[in-house]
Every structure is written in structure tokens, then in C-alpha cells.
């Protein structure tokens with residue numbers, strides 16, 4: 001119905017759509033307000049937020065009748081045919097309303113013989129077409145209302161008929177005396193779209209005395225997969241950002257922060273100057289040296305500990321590990337390892353802006369990333385490589401961040417240009433954020449993989465767009481960040497939420513036909529990091545200092 005509004009408003013610009021009622025308690029218990037938040041953001045994205053009113057509370061029968069009496073058209077766009085009944089549809093027919101509905105079983109029976117209009121499932125074009133026809137044809141609409149009202153009388157209990165006369169008399173007497181409450185339901189246009197609460201319940205569940213477990217079977221930790229420094233570094237980054245934000249939950253993350261830092265410290269192989277990555281559940285390292293990307297990600301987390309932690313012990317250990325690990329990155333060849341390291345350097349320099357040795361590494365890595373872009377890009381391919389794989393947005397983000405720190409306008413410009421291109425390529429024809437799928441990625445000159453879409457891509461895009469906003473002041477970047485964030489809540493090509501409000505976890509990806517129901521560490525941390533950044537923006541909008549996060 002919300003998707004149908006732009007076409008309706010083009011013809012009848014004063015139309016108002018009221019979404020009446022509170023979320024069912026059982027739904028709210030398991031899923032929170034995820035679906036309502038997605039709808040509110042959807043209205044904003046389509047530019048119809050001033051014409052949608054969410055009346056978010058349970059209403060009495062008297063209020064329901066008043067809302068129905070005020071409506072020209074009543075819509076029930078249910079998505080499943082097995083809907084056995086609808087009390088509000090029965091009230092609408094009894095009130096003689098023009099009704100448009102999807103063809104669930106109860107509606108097919110009740111709206112037969114011209115008593116209403118049935119439209120196909122998930123078909124906003126059909127809804128808008130029929131709404132426009134009814135609003136533009138008073139004669140047809142009143143005839144439908146008359147047929148509905150006549151049928152509604154047959155639904156009434158015989159005793160109700162005997163009380164009609166008495167009810168009418170009472171209505172006449174009481175009408176002038178009855179106090180009528182003004183309807184003051186808010187539209188999404190009058191307030192920011194709400195964000196979910198920051199829940200660490202699933203993160204705690206996935207953490208034990210060693211660190212953060214990598215994977216989950218549904219929402220249950222999978223011990224067989226053990227641990228990785230990739231996920232423990234992400235978790236350490238999250239706790240540092242929470243601590244810096246001084247937001248709710250900062251106290252409870254202290255023990256988690258120390259645990260994740262201890263894992264990162266234990267992972268460092270001092271003889272090689274490199275971090276190990278994979279550890280079995282029996283606490284045996286599975287390698288002497290991890291990937292370049294995992295090394296860069298660890299530096300990023302350690303830089304955040306140095307730059308943001310208020311705990312002297314964690315800050316000191318983080319600084320020691322940071323300096324021990326940074327020499328290795330100058331020999332790396334992975335652009336993502338460069339990007340993660342640059343983001344870590346930016347974090348570190350928040351505390352030690354004058355550290356020339358770290359600034360020297362920043363200059364080396366950022367120039368290598370810039371040179372890679374110049375070599376691989378052309379007017380139709382504004383990118384650093386001849387392919388896109390994972391964590392793509394981190395490359396332009398790192399270049400923008402380094403350019404701002406080094407006051408290098410060329411770096412910032414290239415970062416913004418490549419990010420703009422990535423945004424364009426990762427926006428679906430329907431206007432959703434649609435990251436490059438991990439099932440094949442995207443080789444230049446070939447078809448891009450549409451699925452499996454990963455939460456880590458949405459999180460990276462949010463960070464990069466917010467960094468671009470800080471660099472330019474352009475609010476369009478905030479819009480792009482919000483588009484990517486609401487991918488988690490159902491604004492995606494399957495229109496299914498990946499974030500699970502009941503557990504505080506995030507599903508592992510979006511397949512072509514379904515959501516991957518496993519709630520692993522990477523996915524959950526990707527959502528929590530994204531949520532923390534979006535909440536920082538809301539803090540700034542409320543006049544509180546914005547916490548810059550990468």
C-alpha cells in the first residue's frame with residue numbers, strides 16, 4: 001500500500017493513509033518493531049512520509065468505528081491466502097465502506113458480488129489503479145458502499161437489529177455532548193525514523209572465556225568452527241566504539257573488551273610480527289600466520305583501542321601491539337589489508353596525532369591505494385581493481401579518511417568518486433541497497449553476482465557514506481547510509497529482515513530465495529557496528545556530539 005502511494009498522490013495529492021493499531025504483542029516479543037521501522041523508512045524513501053500516519057496503539061471499538069467512518073477506502077493488503085478472518089474487514093463491510101483487499105480466503109467470500117475489489121498479491125500497481133478509480137468515481141464508490149452495507153446487515157445478530165432504534169435515539173442525544181478526541185498521530189515526516197535498541201545479548205551468547213566463537217547454527221554457537229581473530233578484532237572494535245560513545249551498555253562491555261583484546265594479544269606471533277587467525281575450539285592455533293586482511297583488521301581494532309578507550313591498561317596493551325604489528329603492513333599486497341590498516345591508523349592518530357612513524361606508514365599505504373585506482377580505473381569503471389569481491393566500500397572509505405587526515409584533496413576526491421560509483425552499482429532497479437553477491441562476486445566485463453548478499457557489505461557501505469558526509473557535508477550521503485542500514489530491516493530485494501530483534505543477532509546473508517537463518521559473529525557484529533554508527537548520527541541530530549566511527 002505504501003508503494004502504491006506515489007501514483008495515488010500524483011492524482012489525489014491530499015490523500016492520507018492511516019496505519020492503525022499497535023504491533024501484536026506476540027510479534028513484538030519475537031521481532032520487536034523491525035517491520036514497522038522498515039515501513040516508516042520505506043515511506044521516507046518513496047517521499048510519501050507526510051501522507052502516512054502511524055497510529056501506534058491499540059484502539060477501542062468506538063475509536064475503530066470513528067476511524068472507519070472517516071475513511072473513504074479501507075485496505076487489507078494481507079500477504080497469505082490462509083487468513084481465515086479479519087475483524088476490521090467485517091467492521092468495514094458493516095460500516096458500508098469501499099474495500100480493496102488481497103484475495104485471502106475471508107476477503108474472497110466477503111467481497112464477492114461487487115461488495116469490494118480484490119487485487120493480486122504484492123501488486124502495488126493494482127492497488128494504486130483501483131484506489132484512483134474509486135476516488136475519482138463517486139457514483140461507483142457509493143454503489144460499492146451500498147452493496148457492502150446491505151451485506152453487512154445480514155452479518156448482524158438479530159438482537160442488534162432490535163436495538164437499532166434505541167441506538168439511533170441515543171446517538172442523536174449524545175452526539176452534541178460527546179467529546180471527540182483530535183487525532184494527532186505522527187507521520188514519519190515529523191520525526192526521525194526510529195532505530196532498534198543496541199542489544200548485545202547474542203554477542204554475549206557467542207562469547208566464552210576464550211573469545212568470540214565464529215559461527216552459529218541458527219542462533220546457537222557452533223563450537224566445531226572455533227574462533228578467528230577476524231571476528232574477535234571486529235568485536236574489539238565494537239567495544240571500543242561503545243566505550244567512546246558513552247552510550248547505554250558501556251559498563252557491560254568492559255569484560256568483553258578485555259576478553260577480545262586478550263585474544264588478539266594471544267594471536268600475535270612475535271617471531272613473525274604477524275597475527276594468527278584461526279583457532280580450534282580446543283584452543284589450538286591452526287596456523288602460524290594469518291591472512292594479510294586479518295592482520296589489517298586487527299590493526300584497525302587496536303588503533304581504536306588506543307584512540308578511544310578510557311581504560312589505561314587496555315590502551316597501553318593496545319598501543320604496544322599496534323606498534324609491534326604495523327611494520328609488516330608495508331610489505332602487504334592486499335588493498336583491503338591496506339584499507340583496514342589505514343582505518344586503524346586514523347583511529348590511532350586520534351590519540352597520538354604527532355607520531356611521525358605511524359604517519360609515514362599512512363602515507364605509504366594511501367599512496368599505494370591511490371596508485372592502484374589510477375592504474376585500474378577508467379571512465380566506465382571507477383574502481384581500484386578489475387573485480388569487486390568483499391568489503392568493497394572500505395577501499396574508498398580508507399582513501400577519504402586518509403585524505404582528510406593528510407589534507408590531500410586528490411585522495412578525498414578519488415575516494416568520493418569511487419564510492420559514488422559503488423553506490424550506483426549497488427542500488428537495485430527498485431531502489432534498494434543490493435551489494436555485490438559473494439556467490440561469484442563481480443569480474444569486470446562479466447555479470448555481477450546478485451546473491452548471496454552479506455551483512456558485512458551493508459556495514460561497510462554505511463561507514464563509507466558517513467565518512468563521505470563528514471568530508472563533504474552533503475546530506476545525500478546520509479540518505480545512502482540509511483538506505484544501506486535498512487537493508488538489515490527488510491528494505492532489500494526479498495523484503496525480509498536479517499536482524500532478529502528477539503535474539504539481538506543478525507542472519508548470515510540474503511540468498512536468492514531466502515534469508516540464511518544462521519546468526520554468526522561476522523553478521524551480528526556487522527549489524528551492531530552499523531547500528532552504533534546510525535545512533536551516533538541521531539545523537540548529533542539531537543544536539544549531542546557526533547561520535548566519528550569507521
Would you check if there is a residue in segment 345-362 being touching a helix residue (DSSP H, G or I) at 6+ places or on another chain (Cβ under 8 Å), assigned by TED's automatic domain parsing to the domain that holds residue 330, crowded, with 23+ Cβ neighbours inside 10 Å and farther than 17 Å from residue 298 by Cα? no
How many residues of segment 150-166 are surrounded by 11 or more Cβ atoms within 10 Å (Cβ to Cβ) and at pLDDT 65 or above? The answer is 8
Filtering segment 3-19 down to residues that are buried (at least 18 other Cβ atoms within 10 Å of the Cβ) and either in a helix (DSSP H, G or I) or free of Cβ contacts under 8 Å to residues at least 60 places away in the same chain (or both) yields 5, 8, 9, 17
So which residues in segment 371-426 are more than 14 Å from residue 464 (Cα to Cα), crowded, with 21+ Cβ neighbours inside 10 Å and touching a strand residue (DSSP E or B) at 6+ places or on another chain (Cβ under 8 Å)? 388
Which of the residues belonging to segment 27-77 are without any contact (Cβ under 8 Å) to a residue 40 or more places away in the chain, outside any helix (DSSP H, G or I) and surrounded by 17 or more Cβ atoms within 10 Å (Cβ to Cβ)? 74, 76
Output the residue which, of all residues in segment 81-114 that are under 26 Å from residue 6 (Cα atoms) and surrounded by fewer than 20 Cβ atoms within 10 Å (Cβ to Cβ), is modelled with the lowest pLDDT. 88
Any chance segment 274-293 includes a residue that's in contact (Cβ under 8 Å) with a residue 40 or more places away in the chain and closer than 19 Å to residue 526 by Cα? yes
Tell me whether segment 439-451 contains one or more residues that are at pLDDT 95 or above, crowded, with 24+ Cβ neighbours inside 10 Å and in the same structural domain as residue 534 (by TED's automatic domain parsing). no
Residues that are farther than 18 Å from residue 427 by Cα and surrounded by fewer than 17 Cβ atoms within 10 Å (Cβ to Cβ), drawn from segment 493-514: 502, 513, 514
So if I check each of 280, 258, 309, which one is assigned by TED's automatic domain parsing to the domain that holds residue 227 and more than 29 Å from the chain's Cα centre (by Cα)? 280
Single unsatisfied condition, residue 525 versus (1) under 11 Å from the mean Cα position of the chain (by Cα); (2) under 25 Å from residue 239 (Cα atoms); (3) crowded, with 23+ Cβ neighbours inside 10 Å: (1)
Can you confirm whether residue 490 is in contact (Cβ under 8 Å) with a residue 24 or more places away in the chain and either buried (at least 17 other Cβ atoms within 10 Å of the Cβ) or more than 22 Å from residue 362 (Cα to Cα) (or both)? yes
Restricting to segment 409-430, and then to whatever is part of a loop (DSSP other than H, G, I, E, B) and at pLDDT 95 or above, can you tell me which residue is farthest from residue 476 (Cα to Cα)? 428
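The values are calculated or read from the model by the stated rules, or taken from the named source; none is laboratory data. Everything numeric in this text was worked out from a predicted model, so none of it was measured. Positions of Cβ are backbone-derived with ideal geometry, glycine not excepted, and every protein chain shown enters the neighbour counts.
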